[in-house]
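One structure is given below, encoded as structure tokens.
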There are 2 protein chains.
Amino acid sequence: MNISARCEYACRAMVELALMQQNHDPVASSVLAERRHIPEKYLVHILLQLKRAGLVQSVRGAQGGYRLGRLPEDITLLEVVQAIDGPVLDPLPVNDGQSLDLRAVWKETADSIAGELRQISIREVADRAAASPMYYI
Amino acid sequence: MNISARCEYACRAMVELALMQQNHDPVASSVLAERRHIPEKYLVHILLQLKRAGLVQSVRGAQGGYRLGRLPEDITLLEVVQAIDGPVLDPLPVNDGQSLDLRAVWKETADSIAGELRQISIREVADRAAASPMYYI
DNA sequence: ACAAAGTTGACCAGATAGGTCATAATTCGC
DNA sequence: GCGAATTATGACCTATCTGGTCAACTTTGT
């Protein structure tokens, strides 16, 4: 039960996009990679995944790059996590239809985690970072 | 971010122990394995891990087996999960000291998950199972 | 035309997970 | 004491996942 590196990287990229998109110019993946210490070649796959989920838009060609797909306050961490890692705490660990008593518990737990992550927007995380610049180096 | 099979099996075994320990006789791992559909050879490793964490006691030799280490109402799912899978949502995915803004979010999430699991005792799950026998076949 | 940048799929090495096997140590019942 | 039952332990195996790189292609601004 842990956050994958992919997921961590995806969230970093999203937050950084939120911070950099004042001028509305798209941001190159290489810039995101450098600023948030993400392996560059790896990041492009992640961005593609985010794009397919509609969480970012891309602009091809020179001066191209990525933008957030929607306003940062309208994108939740839950969406990012789910776009990268799939359903939170689901599909179930041992899918043999046994021990439904426990299954019910996991379901409740999953819902609770989702509820938490749904309340945190990319905007909020970006604001924390902006408030104390040292915070996200 | 998912519950491992190990963890699922561990929880099943604990719940089944809670259900079977009326007469105070230890329950053999083979019995637990059969009743909760857990690979028998695999379960012994898991039980050992639970024993090292103090969550079960063992009795060696013929007629031996396992008992809960404490009263089922005093053992939380959090303890079981942590004994098997280690800290919930920690150590952190990419431990490079970067993006502390996100790190703070993960920490809050981890605490929230732990809080949820800490409120569910083995006893509670066992009671659900006992209430509707079909529930845990 | 050229360079910058996204798109895509193949590839790869190491870690992890799930699970088995063999062997030893312990203890009950006869 | 013997044999069967049962836990304890570590080696081992295999398939999948994960993190990451590479190369080739497409698109587009200057």
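Bin all alpha-carbon pair distances of segment A:5-137 at 10 Å intervals from 0 and give each bin's fraction as a whole percent.
P(r) for segment A:5-137, in whole percents per bin: 12, 40, 29, 13, 6, 1.
Show me the GluC sites (Glu not before Pro) within segment A:6-48 that DSSP assigns to loop and that have at most 12 other Cβ atoms within 10 Å of their Cβ.
Working: sites: A:GLU8, A:GLU16, A:GLU34, A:GLU40; in loops: none.
When the GluC sites (Glu not before Pro) of segment A:6-48 are filtered for loop state and at most 12 Cβ neighbours within 10 Å, nothing remains.
In whole Hz and in residue order, list the ³J(HN,Hα) couplings for segment B:120-129 that follow from phi through the Karplus curve 6.51 cos²θ - 1.76 cosθ + 1.60, θ = phi - 60°; x for Gly and Pro.
Values per residue, Gly and Pro as x: 10, 8, 4, 4, 4, 5, 4, 5, 4, 5 Hz.
Considering the options A:GLN98, A:PRO39, A:ALA110, tell which one lies farthest towards the positive end of the dipole of segment A:20-122, charges being +1 on Lys and Arg and -1 on Asp and Glu at the Cβ, about the Cα centre.
The residue sitting most towards the positive pole is A:PRO39.
With a Cα-only, solvent-free Debye model of segment A:11-74, what are the log10 I(q)/I(0) values at q = 0.25 Å⁻¹?
-1.14
Suppose only helical runs count, i.e. DSSP H with n ≥ 4. What mean residue ellipticity at 222 nm does that imply for chain A under -39500 (n - 2.57) per run, divided by all residues and rounded to the nearest 500 deg cm²/dmol? Intermediate values should be presented prior to the final figure.
On the way: 6 runs with 75 residues, N = 137.
Theoretical 222 nm ellipticity from helices: -17000 deg cm²/dmol.
With a Förster radius of 51 Å, plug the Cβ-Cβ distance of A:SER4 and B:ARG60 into 1/(1 + (r/R0)^6) and report the FRET value to the nearest 0.05.
Details: r = 41 Å, r/R0 = 0.79.
Working from the Cβ atoms, E equals 0.80.
Could you tally up the Lys pairs in the protein assembly as shown with alpha carbons closer than 29 Å? Skip any pair fewer than 8 positions apart unless they're on separate chains.
9
Quick one: Cα convex hull volume of the protein assembly as shown, Å³ per residue?
Dividing the Cα hull volume of the protein assembly as shown by its residues yields 137 Å³.
Sequence-distant or interchain residues sharing an amide H contact under 5 Å with A:VAL56, placed H: which?
Under 5 Å from the amide H of A:VAL56: A:LYS51, A:GLY69.
Coordinate-derived values only; no laboratory data. On a predicted model such as this, the values are computed, not experimentally measured, just so you know. Cβ sites come from the backbone with ideal geometry, for glycine too, and all protein chains shown count toward neighbours.
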